[in-house]
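Step one of this worksheet: look at the structure below.
The values are calculated or read from the model by the stated rules, or taken from the named source; none is laboratory data. Every value quoted in this text rests on a predicted model; they were computed, and no experiment measured them. All Cβ positions, even for glycine, are placed from backbone atoms using ideal geometry, and neighbour counts span all protein chains on display. Just the protein is used for accessible areas: all its heavy atoms, side chains included, with ligands, DNA and RNA removed. Shrake-Rupley method; radii C 1.70, N 1.55, O 1.52, S 1.80 Å.
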Amino acid sequence: MNRRDFLITTSAATLFPRIALASAPVELVAQLVNAQILPEGEPATPMLGFNGSTPGPVLRARQGEVFDIRFLNQIGEGSAVHWHGLRIDNAMDGVPGMTQDVVNAGGEFEYRFRAPDAGTFWYHSHNRSWEQVAKGLYGPLIIEEPTPPDVDHDLIVMIDDWRMTENGTLADGFENMHDQAHQGRLGNFARAHVEPVRQVRRGDRVRLRLINVATDRIFPVELEGVEGKVVALDGMPLESLQELSGLILAPAQRADIIADVTSATSASFAFPTRDGLYLLGEIPVEGSNITRQPSEISTLTQNEVASPDMDNAISLTLTMEGGAMSRRMMQGMMDWNIWAFNGQSGLTDTPLHRFERGQTARIRLVNDTRFPHGIHLHGHHFFELGLDGSQGAFRDTTLVDAGKSRDIVCVFDNPGRWLLHCHMLGHQAAGMKTWVEVV
Ligand code: C2O
Ligand code: CU
């Protein structure tokens with residue numbers, strides 16, 4: 001990525017509309033929207049959104065509460081909503097052709113589920129997602145802890161990139177094969193949608209909920225003007241806190257950060273490129289908080305997680321293959337079969353594996369390609385294992401670098417048919433997906 005590829009950077013705050021969950025279903029309307037993605041004064045961009053905006057409204061509930069959402073599809077083509085990272089009933093997972101029928105243009109679907117885990121999640125279209133998500137069909141979904149951590153501000157920061165034309169429209173070519181065979185559709189403009197807040201002061205303690213909603217771009221993120229720790233990844237609290245330095249978010253990954261504002265002027269998010277830092281967004285700082293007592297940042301309360309049964313774990317291997325400069329490509333498998341798992345491109349009638357409910361599996365993810373991939377499993381979280389076999393973070397999406405491999409351990413305890421795919425959505429479109437079944 002070259003810094004000059006980008007048009008300009010901006011720090012404009014996005015309006016995050018809020019809707020309250022009530023006993024009656026909340027309406028979530030997918031529709032065409034105009035969004036001010038480029039800085040004020042530049043043209044607005046015709047996109048897709050929910051309830052009039054992209055990102056869509058913040059869906060927020062307490063842990064254990066029920067979401068009752070009436071999804072109305074007004075985008076003029078089929079769609080469906082996936083609640084990314086939520087360990088919910090299979091029938092509510094929002095995958096057309098697998099867990100429900102596509103919601104046709106003008107149609108609707110009622111999603112009803114109990115939110116089991118507190119944390120930072122998001123929702124997005126799961127139909128032709130490489131295009132619908134690229135056009136903005138996503139929003140944040142926040143589940144609050146029974147006792148939230150003591151912070152002065154709780155802020156959502158959604159990071160995205162867009163491929164813009166000179167007149168401010170999104171470039172088309174969402175199924176460009178060259179993109180799909182490489183890193184996917186990378187934008188020429190990036191920024192963070194930062195939820196506007198009350199005045200942030202120096203000395204305030206903030207919780208930042210970072211969500212990478214880009215279809216294909218991996219964002220390393222550098223924070224300035226704050227000092228703190230990463231307290232959760234992909235919605236799940238860490239057992240030991242991580243340093244802020246070296247934070248990398250693959251598409252769909254989230255990081256919760258608790259930090260103290262140390263700057264007197266601004267806190268900023270940037271991503272390092274070969275040509276320097278590219279500013280993604282800024283939170284202005286004014287005044288200081290003189291009443292907050294300094295205190296250690298502590299871990300969040302863990303969600304309820306089944307412990308893996310390693311003695312009886314089954315072992316599987318999932319090898320990522322294909323893409324530019326691969327044997328698969330050279331042999332002329334040029335259709336949509338650019339990428340594959342274990343030699344198979346796209347979905348088959350039978351699952352990759354059928355698990356007994358509650359079974360533990362250790363899966364070796366082998367990246368035999370020249371590109372990194374962010375592998376996402378629906379309906380479950382899994383432990384990343386360290387090279388020494390130690391149990392790492394509990395995630396729903398794991399980034400495996402080109403030529404590397406990673407073991408994960410998952411307790412398959414949620415019955416149903418679940419997708420397992422690369423969350424670089426251009427790769428998913430071009431075959432990098434499979435499914436598992438839990439019976
Ligand atoms: Cu974020 Cu298959 O989804
Ligand atoms: Cu991929």
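When TRP130, TRP83 are checked against the criterion of being assigned by TED's automatic domain parsing to the domain that holds SER53, open to solvent by 10 Å² or more (accessible area, probe 1.4 Å) and in contact with a Phe, Trp or Tyr (Cβ under 7 Å, 6 or more places away or on another chain), TRP130 stands alone in meeting it. Any chance the stretch 355-375 includes a residue that's within 16 Å of ligand 1 (Cβ to nearest atom), of a type outside the set (Val, Ile, Thr) and closer than 20 Å to THR99 by Cα? So far as the stretch 355-375 goes, no, none of its residues is within 16 Å of ligand 1 (Cβ to nearest atom), of a type outside the set (Val, Ile, Thr) and closer than 20 Å to THR99 by Cα. Does the stretch 351-363 contain at least one residue that is touching a residue at least 24 places away in the same chain (Cβ under 8 Å) and within 14 Å of ligand 2 (Cβ to nearest atom)? Among the residues of the stretch 351-363, not one is touching a residue at least 24 places away in the same chain (Cβ under 8 Å) and within 14 Å of ligand 2 (Cβ to nearest atom), which makes the answer no.
On the stretch given as the stretch 345-358, residues that are open to solvent by 50 Å² or more (accessible area, probe 1.4 Å) and either within 17 Å of PRO308 (Cα to Cα) or part of a loop (DSSP other than H, G, I, E, B) (or both) total 7.
The single condition among (1) within 24 Å of ILE88 (Cα to Cα); (2) away from ligand 1 (no atom under 16 Å from the Cβ); (3) surrounded by fewer than 18 Cβ atoms within 10 Å (Cβ to Cβ) that GLY386 does not satisfy is (1).
Scanning the stretch 134-148 for residues that are open to solvent by 10 Å² or more (accessible area, probe 1.4 Å) and within 16 Å of ligand 2 (Cβ to nearest atom) turns up at least one hit.
Filtering the stretch 161-199 to residues that are closer than 23 Å to THR273 by Cα and among the β-branched types (Val, Ile, Thr) leaves THR165, VAL194. The listed residues are LEU48, LEU86, LEU72, LEU59, and the only one of them that is touching a Leu at 6+ places or on another chain (Cβ under 6 Å), within 27 Å of GLU144 (Cα to Cα) and more than 16 Å from ligand 2 (Cβ to nearest atom) turns out to be LEU59.
With the stretch 392-439 as the region, which strands (runs of 3 or more DSSP E) entirely inside it contain at least 1 residues that are within 16 Å of ligand 2 (Cβ to nearest atom) and over 15 Å from MET320 (Cβ atoms)? Of the strands (runs of 3 or more DSSP E) lying wholly inside the stretch 392-439, those with at least 1 residues that are within 16 Å of ligand 2 (Cβ to nearest atom) and over 15 Å from MET320 (Cβ atoms) span 416-422. Filtered by the rule that a residue be over 26 Å from LEU86 (Cα atoms) and acidic (Asp, Glu), the stretch 238-269 gives a lone residue, ASP260.
Within the stretch 405-418, track down each residue that is open to solvent by 30 Å² or more (accessible area, probe 1.4 Å) and out of contact with any Leu (no Cβ under 9 Å at 6 or more places or on another chain).
Result: ASP413, PRO415, ARG417.
Look at GLY94 and say whether it is in a strand (DSSP E or B), open to solvent by less than 10 Å² (accessible area, probe 1.4 Å) and modelled with pLDDT of 95 or more. So GLY94 fails the test. Screening GLU243 with (1) open to solvent by 10 Å² or more (accessible area, probe 1.4 Å); (2) within 16 Å of ligand 1 (Cβ to nearest atom); (3) among the acidic types (Asp, Glu) gives one miss only, at (2). Can we say SER263 is among the hydroxyl-bearing types (Ser, Thr, Tyr), out of contact with any Pro (no Cβ under 6 Å at 6 or more places or on another chain), part of a loop (DSSP other than H, G, I, E, B) and open to solvent by 10 Å² or more (accessible area, probe 1.4 Å)? The answer is yes for SER263. So for the stretch 180-202 (the condition being within 16 Å of ligand 2 (Cβ to nearest atom), in contact with a strand residue (DSSP E or B) (Cβ under 6 Å, 6 or more places away or on another chain) and open to solvent by 10 Å² or more (accessible area, probe 1.4 Å)), does at least one residue qualify? Within the stretch 180-202, none of the residues are within 16 Å of ligand 2 (Cβ to nearest atom), in contact with a strand residue (DSSP E or B) (Cβ under 6 Å, 6 or more places away or on another chain) and open to solvent by 10 Å² or more (accessible area, probe 1.4 Å).
Screening GLY97 with (1) within 15 Å of ligand 1 (Cβ to nearest atom); (2) in contact with a strand residue (DSSP E or B) (Cβ under 6 Å, 6 or more places away or on another chain) gives one miss only, at (2).
Restricting the stretch 48-87 to residues that are among the small types (Gly, Ala, Ser) and outside any strand (DSSP E or B) leaves a set whose member that is nearest to MET98 (Cα to Cα) is ALA80. How many residues does the stretch 102-146 contain that are within 12 Å of ligand 1 (Cβ to nearest atom) and over 17 Å from MET424 (Cα atoms)? Here the count works out to 2.
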